[in-house]
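Some notes on the structure that comes next.
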Amino acid sequence: MIRLAAVLGDYYHSSEWAKQSIETAFSFGREGLQIDYYSPEQLPEVLAK
C-alpha cells in the first residue's frame, strides 16, 4: 500500500479542483484505487497510524 499525504488547495486553487486533479493523475490506468481525504486537523492522527 502506498500512502500519500498532501494539503489540497491554496489561495489560487480550490481544494475541489485539487481533488479532481490528484484523482485523475493517480487513477490513470489503475483499477480499484481508493483515495481517502482528511481535514488538516485530522492529519496528525491519521499520519500517526
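For the reader, a short list of remarks on this structure follows.
- Among the residues of region 9-32, just one is surrounded by fewer than 10 Cβ atoms within 10 Å (Cβ to Cβ) and among the aliphatic types (A, V, I, L, M), namely Ala25.
- Selection count where residues are in a loop (DSSP other than H, G, I, E, B) and touching a residue at least 12 places away in the same chain (Cβ under 8 Å), scope region 5-49: 7
- Residues that are of a type outside the set (A, V, I, L, M) and over 23 Å from Pro44 (Cα atoms) within region 12-27 comprise Tyr12, His13, Trp17, Gln20, Ser21, Thr24, Phe26, Ser27, listed in sequence order.
- The set of residues in region 36-49 being surrounded by fewer than 11 Cβ atoms within 10 Å (Cβ to Cβ) and touching a Phe, Trp or Tyr at 6+ places or on another chain (Cβ under 7 Å) is empty.
All of the numbers you see were taken from the coordinates with simple rules; none came from a lab. Values in this document were obtained by computation on a predicted structure and should not be read as measured data. For neighbour counting, all protein chains shown are included, and Cβ atoms are generated from backbone atoms with ideal geometry for every residue, glycine included.
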